[in-house]
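Just below is one structure, and these are the notes that go with it.
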Amino acid sequence: MAIAFRDALAQMFKARFPILYVESSEEQRVIAEVSGVAADAAQVRTPRAVWTWSLTTGLVQPDGAPRQGTTEPEAALDAALRVDHPSVLIFKDLHPTLGAGGRPASPGLVRRLRDLVAAFKSGSVPRTLVLVSPVLHIPAELEKDVTIVDFPLPTETEIRQVLDGMIAANSASGRIQMMLDDLGRERFAKAALGLTLHEAENAFARAMVNDGVLDSRDLEVVHEEKRQTVRKSGLLEFVDASVNLDDVGGLENLKQWLAKRDGSWLGEAAAYGLPAPRGVLITGVPGCGKSLTAKAIAAVWGLPLLRLDIGRVFAGLVGSSEQNMRNAIRTAEASAPCVLWVDEIEKGFSGGSGDSGTSTRVFGSFLTWMQEKSQAVFVIATANDIEGLPPELLRKGRFDEIFFVDLPTRAERVSIWRVHLARRLRNPAVAGGLALDDTLLAELAELSEGYAGAEIEQAVVGGLFDAFSERRPLRRDDLVQAVLSMVPLSVTQAERIDAIRAWADARAVAATAAEDSDPGTRSGAPGGATPAAPPPLPSYGAPAGPDQQGYGAPAAPPQRGYGGAAPEQPGYGGAAGSGQRSYGDAVAPDQRGYGGAGPEQPGYGAAGPGQRSYGGAADPWQQGQGGPGAPSPQGQGGRAVEF
C-alpha cells in the first residue's frame, strides 16, 4: 500500500474531516487499509472503532453484530449520528442514492449528510464517515463538505506478495511446476501493475492452470487480463504484437539501440541509476517499417502494446477531448510497464485553427505528461511528415532519440526479400524448385533499387498471385515481372522524399547501420534511389566542390561555407540564406543566429518572437536568460491547525 494514502488518511482523521470519499472497486482492500490506520495509535493518536454499512447488511458494529432497522441509508445515518465513541463509519455503494447514473439525489439523504457534517465537526469525540464506491458522484450541495481521497492501485510489492503466496501454496502439491526465478517473478509482478489484487490473482491462477507450468511464457495470460482493462476504457487499443525484430529487415542501428534498453524498467537497471526510457520518434519514408518496428519492440520486450488513436481522443461531446486525453494517459500508466504507440502523430498534433484551441490544449496535456511521466510507459511515435509537427515535441526530454528510416539500402533489401519470401513460401508445393540463395536475393535486391519495404512485400504478393492464377509453383520470373511492373514511391514522390531527407540529414539519427550503407553514399543514405555524392574533400583555399568544406572561398550547394554561405548551408562568416546557421552576421528566417537573430531563431544577442535570448531582454513566449521575466507570484496563506 502506498505510504501516501496511509499518511493522508491519518492526517484527515486527526484533523476531523467529517466525510471522505474513496473511489475504488476494491472495497475489501479499502476497508482493510482504513481499519489499519484507524487502529494505529501512532498514526491517529486516538484509535477509532470501525463500523460498516451496506444495503444488504445494514449498519454493522465493530463486534460484527448488525443494528436492526438500518438497511435504509437514511436510518443508518441517523444511527451513525448517535454513535458516541471514536469511530470510523464506512458506507459502501451509496452513490445510487446520491444521484449517480442520471438519477436524482435523495433530498432526505443529502440533508442528513449535511447534518452529519455539522455534528462530526463539533462533536466531543472524533468521528469520520468514509464513502467507498466504484463511481465518483457528489451532489452539488455536498461538494464543499466531502473530501476525495485517492486510493492507488496495488503496488509491485503487494502484487509480489500475492504471487509468492500463490506459488508457495501450489508448489507443495507437485501438480504445478514453478519455473520462475527471482527475475521472472519480478517480470510477472511488473506485468500485473495496473490490475486490482483480485484481477492479478485471477491472472496468476489462470497462468498456473493453463498447462500446469508457470514460466515466462505465461506473461501473455497477464497481458490478456490487462487487455480487458484497456478495452473497457474505449480510448486505447490493445494490439497483438506477434512479430519480432527479426521480421524487420535492416534498420540495425535502431535495433541495437533498442536491444541495449531491453529490461531497463526492471530493478537491475535502477541499480545502475538508469531511468526508464522515455521513447523514440521514428520518421522517414512511408512504407519502410516504422509501424512494424513499433509492434516488434513490444513483442521482444514482452510488454503490452497500446495504440493511442488521436481521432478517438477528439471524438465525443464538445469539451470532452481534454478529459479523453487524461483518461487515455491514466489507462496507459495503469498498464505500465507498457509500450504506447502513437501512429502518424503528425495527423493529430500538427496544429490547426477553428477548434477554439482544443487541439492546442490536448497537445499541451500530452507534452506535459511526456516530460513529467514517472511510470514506465515507453512511447513510440511514428511520423511521415515530420515538418508538420510542432517544434516543442521534438526537443530533448520528450523523446530519447529521433530516428530516420530511409529507403532500404542494398544489404537491407536482401534481408527484406529473404524475410518476405521465407514467410510466404512455407508450403513446399508453392515454393517448388525456387531456391532462396544469395544469387536470387542479390538479383532481386538490384532490381528493386529505390523500393520501400512495403513495395517489396507487395512484389512478393503480386508474384504469388500470378502463380496462383495458373495453379503452379512460384517462379523467379514472377517476382521479376512484379518488380518491373511497379512504379515505386521513390519515383512518384521523389521531390517529397528528397525534402524528408534534407530535414533529417542534420536532425535525426539514421536507423540504418553504417556497415549496411551502400558504397559511395553517406551512412544511412538511400541505397541507390538518388545518385551517390562524391566523398567529402576539405578545401583550404580553392573553391569547394559538392559536399566539401571550404575554408576560404565561397561554397557551392550543398556545402558548408566558412567564409560565405549559399542557400541551405551553414555559414560561418557571411550572411546566411534560408535554412543556414550564421555565426557572425544577421541571419534570415528559420536560421540560427549567433550575432543577430530573425524570427523563430535562437538568438544570442537580441531575440525576436519565438527565440531564446541570452543577453538582451526576451519578448513574450521566449526564454530570457538576461532580460527580466514576467512576474509569477504565488499567494501564501491557509488555515493553521493544532495537534
Could you tell me whether any residue of the range 420-429 is within 27 Å of residue 253 (Cα to Cα) and surrounded by 17 or more Cβ atoms within 10 Å (Cβ to Cβ)? yes
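Of everything in the range 22-35, what is touching a helix residue (DSSP H, G or I) at 6+ places or on another chain (Cβ under 9 Å) and closer than 24 Å to residue 82 by Cα? Give them in sequence order. Walk me through how you get there before you give the answer.
As a first pass, look at the range 22-35 and keep what is touching a helix residue (DSSP H, G or I) at 6+ places or on another chain (Cβ under 9 Å): 22, 24-26, 28-29, 33-34.
Passing the criteria: 22, 34.
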Taking residue 88 as the residue in question, decide whether it is of a type outside the set (S, T, N, Q), touching a Lys or Arg at 6+ places or on another chain (Cβ under 8 Å) and at pLDDT below 95. no
Number of positions in the range 250-308 that are in a loop (DSSP other than H, G, I, E, B), open to solvent by less than 40 Å² (accessible area, probe 1.4 Å) and at positive phi: 6
I'm trying to understand the selection: among the residues of the range 467-498, which are of a type in the set (A, V, I, L, M) and either open to solvent by 40 Å² or more (accessible area, probe 1.4 Å) or closer than 13 Å to residue 406 by Cβ (or both)? 484, 486, 487, 489, 491, 497
Given the criterion crowded, with 18+ Cβ neighbours inside 10 Å and not β-branched (Val, Ile, Thr), identify the matching residue among 224, 220, 199. 199
Got a number for residues in the range 499-510 being within 27 Å of residue 447 (Cα to Cα), of a type outside the set (Gly, Ala, Ser) and open to solvent by less than 80 Å² (accessible area, probe 1.4 Å)? 2
Filter the range 449-490 for residues that are in contact (Cβ under 8 Å) with a residue 40 or more places away in the chain and of a type in the set (Ser, Thr, Tyr) and give the result. 451, 490
Looking across the range 470-489 at residues that are more than 22 Å from residue 427 (Cα to Cα) and under 40 Å from the mean Cα position of the chain (by Cα), the single one that is modelled with the lowest pLDDT is 489
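Every residue, every condition in (1) closer than 25 Å to residue 5 by Cα; (2) within 44 Å of the chain's Cα centre (by Cα); (3) open to solvent by 10 Å² or more (accessible area, probe 1.4 Å), yes or no:
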residue: 64; (1), (2), (3): no, no, yes
residue: 74; (1), (2), (3): no, no, yes
residue: 90; (1), (2), (3): yes, yes, no
residue: 103; (1), (2), (3): no, yes, yes
residue: 118; (1), (2), (3): no, no, yes
residue: 128; (1), (2), (3): yes, yes, no
residue: 144; (1), (2), (3): yes, yes, yes
residue: 150; (1), (2), (3): yes, yes, yes
Mind listing whichever residues of the range 155-165 are open to solvent by less than 30 Å² (accessible area, probe 1.4 Å) and either free of Cβ contacts under 8 Å to residues at least 60 places away in the same chain or part of a strand (DSSP E or B) (or both)? 159, 163
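The values are calculated or read from the model by the stated rules, or taken from the named source; none is laboratory data. Everything numeric in this text was worked out from a predicted model, so none of it was measured. With ideal geometry, Cβ positions are generated from the backbone for all residues, glycine too; neighbour counts draw on all protein chains shown. Side chains included, ligands, DNA and RNA excluded: accessible areas come from the protein's heavy atoms. Shrake-Rupley method; radii C 1.70, N 1.55, O 1.52, S 1.80 Å.
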